[in-house]
1. Return the long-range amide H neighbours of T395 (sequence gap of 5 or more, or a different chain), with a cut-off of under 5 Å between placed amide H atoms.
2. So what is log10(I(q)/I(0)) for region 138-354 at q = 0.18 1/Å, when the Debye sum runs over its Cα atoms only?
3. Relative to the compact-globule scaling 2.2 N^0.38 Å, provide the ratio for the alpha-carbon radius of gyration of region 199-294.
4. Within the set of other residues whose C-beta is less than 11 Å from the C-beta of N237, count the net charge using Lys and Arg as +1 and Asp and Glu as -1.
5. Using θ = phi - 60° and the Karplus form 6.51 cos²θ - 1.76 cosθ + 1.60, what ³J(HN,Hα) does each residue of region 242-251 get, whole Hz, x for Gly and Pro?
6. Taking the alpha-carbon distance from K101 and a cut-off under 25 Å, which lysines remain once sequence neighbours fewer than 8 residues away in the same chain are dropped?
7. How do 134-140, 163-169 rank on mean C-beta neighbours within 10 Å, highest first?
8. Post the alpha-carbon centroid distance, region 119-148 to region 335-392, in whole angstrom.
Amino acid sequence: MTFTSEHPLLLGVIREGKSPPDQRVALTPDQCVLIEERFPQLKIVIQSSPVRRIRDAEYSAVGLNVRADVSDCDVLIGVKEVNIEDLVPGKTYLFFSHTHKLQPYNAKLLAAILDKKIRLIDYELLKRPSGHRIIGFGRWAGLVGAYSGLRALGLRSDSFELPKAIDCRDLEEMILQLKNVSLPANFKIVLTGTGRVGRGAREVLEHMKLRSVHPDDFLRMDFPEPVFTHLDVEDYNARTDGGQFIMADFIKDPLEFRSTFPRFAQVANLFIAGHFWAEGSPFLFTREDMRHPNWKVKVVADISCDIDGPVACTLRPSTIENPIYGYHPITEQECSFDHREGITVLAVDNLPCELPRDASEGFGRELMEHVIPLLVTGDVEGVLDGASQTTLDGTLNAPFAYLEDYALSGQTGDSI
């Protein structure tokens, strides 16, 4: 269908309806104005929201139409999963659905999307032809996760205090709080992950003027100041047969590899986990590893937050309200976060929500540059089609046919 300024594509920015409330939004007021200027054949409507950090009045102030009902829009964009009762039949939706990995808690959502003949485009599945993801909140998870890990350290050691990130006005204020952090000589931080999350976490450490050291030096040397090392996959995985590490081999068959991460945990004080972990890859460390007499890490900021996965002390996700808990390596049970024999764990699984204004601006910028144009002028490379789990005729798109039993379980209430 061709859209014109007389018959524009109506794009609705929906309110976030999940509980606890998410204060983020897909597009900021200034971004909406820029998009409408760039594409006269597009009009943006804002659904009113009582919880959004960017208030309705800020959208109205730049001339945008703010109203409660956006059901007349052609395309509806949000951030998190949409409540089933809020889904409008026959529309195209863009949001993080958390369904393509067969997440049990969202089977009913996918079933409802199919029943209502909705085209679902999942942000997580938007990829360039090269296979790299286009859009996400990873950097913001890394920024907040590293900061919150330092906050957890201060609480455990009772040596400094930081406010929660969500209590800071914005990223600038959060970063300014780091001036209150004082780390001793030879304090060592190990960071994993070289994607958006890992790079975001590294930004925090660099704002603190911490020196980055080579992994080999990190393991064998003492330093007159606090330092960190930033590990890539090959730094903490090795072939079981002692052969050379080749990334292509690791991706093809991770079972041929073992983790060498515990050697870093035996010299580091704080671990910031910003890696991507693929099913079948070696765990970074096990519960048995944590009982080793040389284990030294006392605070783990698990930004990746894979439950019962590669970071053995991550027993459950925590919340923004109660972000930290303790793990006792002997009992393998949860304990108080400051237990003398325990490990302090930060495992909040929605960290970007703590900087809603900044995270919204960053996310919207990517959406504005890489996704909105495809909706308006056409999707020549099939980027949107590749991320469409469902179609407007109420069926699963071919690459996602494997979700059929999963969606059926959402209809029947049975587990797959």
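Any read-out appearing in this document is the output of simple, stated calculations on the displayed coordinates, not a laboratory observation. This structure is a prediction, so every number in the text was calculated from the model and none was measured. When we count neighbours, we look across all protein chains shown, and the Cβ atoms used for this are built from the backbone with ideal geometry, even at glycine.
1. The list, which skips near neighbours in sequence, is empty: none.
2. Evaluating at q = 0.18 Å⁻¹ gives log10 I(q)/I(0) of -1.38.
3. Rg over 2.2 N^0.38 Å, computed on Cα atoms: 1.16.
4. -3
5. x, x, 5, 6, 10, 4, 4, 5, 5, 5
6. K18, K80, K91, K116, K117, K127, K252
7. The densest-packed peptide leads the list: 134-140, 163-169.
8. When both Cα centres are located, 5 Å separates them.
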